[in-house]
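Only one structure is covered here, and it is reproduced in the block below.
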Amino acid sequence: MLVLPGLTAATELRDYAVIGDAIPQSLTGAAGDAARGRALVVERSSTCILCHSGPFPEQKFQGDLAPDLSGSGNRWSEGQFRLRLVDASRLNAETIMPSYYRVDGLQRIGTVWRDKPILSAEQIEDIVAYLVTLRE
């Protein structure tokens with residue numbers, strides 16, 4: 001079985017509540033680690049920089065299909081980031097952004113991710129912790 005570095009094989013999803021356009025409460029009950037979040041964002045296996053660009057000078061090739069993450073901490077709250085990572089299709093049914101913490105109702109799923117979230121709750125929280133720091 002192929003397992004990409006940095007991605008999880010978590011099988012149980014934690015409960016969360018969507019309120020408006022956000023998941024206001026941490027999936028883990030704790031804040032994430034921004035340094036680990038940054039490492040996940042710039043790591044190609046998490047797929048963030050395949051579509052997004054941002055303040056990542058060490059990465060020569062960054063995506064241009066999705067919004068630049070520079071200054072995104074001024075545009076979205078922790079809860080709004082959390083929902084976008086968990087299941088962006090709740091905000092836009094036509095989005096190309098993967099649902100990183102959803103397993104039901106998905107189509108064309110790779111064997112590695114079938115019945116498992118792409119990222120763990122902890123990884124989601126780490127990425128959220130990093131993205132809110134992007135103020136410029």
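Remarks
- Residue that is least open to solvent (accessible area, probe 1.4 Å) [pool: residues in segment 49-94 that are of a type in the set (Phe, Trp, Tyr) and within 14 Å of the chain's Cα centre (by Cα)]: 81
- A single entry from 36, 14 fulfils the requirement of being open to solvent by 70 Å² or more (accessible area, probe 1.4 Å), assigned to a loop (DSSP other than H, G, I, E, B), touching a residue at least 12 places away in the same chain (Cβ under 8 Å) and of a type in the set (Lys, Arg): 14.
- Residue 45 satisfies every condition listed in (1) open to solvent by less than 70 Å² (accessible area, probe 1.4 Å); (2) touching a helix residue (DSSP H, G or I) at 6+ places or on another chain (Cβ under 8 Å) except (2).
- If you go through segment 110-136 and keep only what is closer than 15 Å to residue 13 by Cβ, β-branched (Val, Ile, Thr) and outside any helix (DSSP H, G or I), you end up with just 118.
The values are calculated or read from the model by the stated rules, or taken from the named source; none is laboratory data. Since we're looking at a predicted model, the values are computed, not measured. Virtual Cβ from ideal backbone geometry, glycine too; neighbours counted across all protein chains shown. Only protein heavy atoms, including side chains, enter the accessible area calculation; ligands, DNA and RNA are left aside. Shrake-Rupley method; radii C 1.70, N 1.55, O 1.52, S 1.80 Å.
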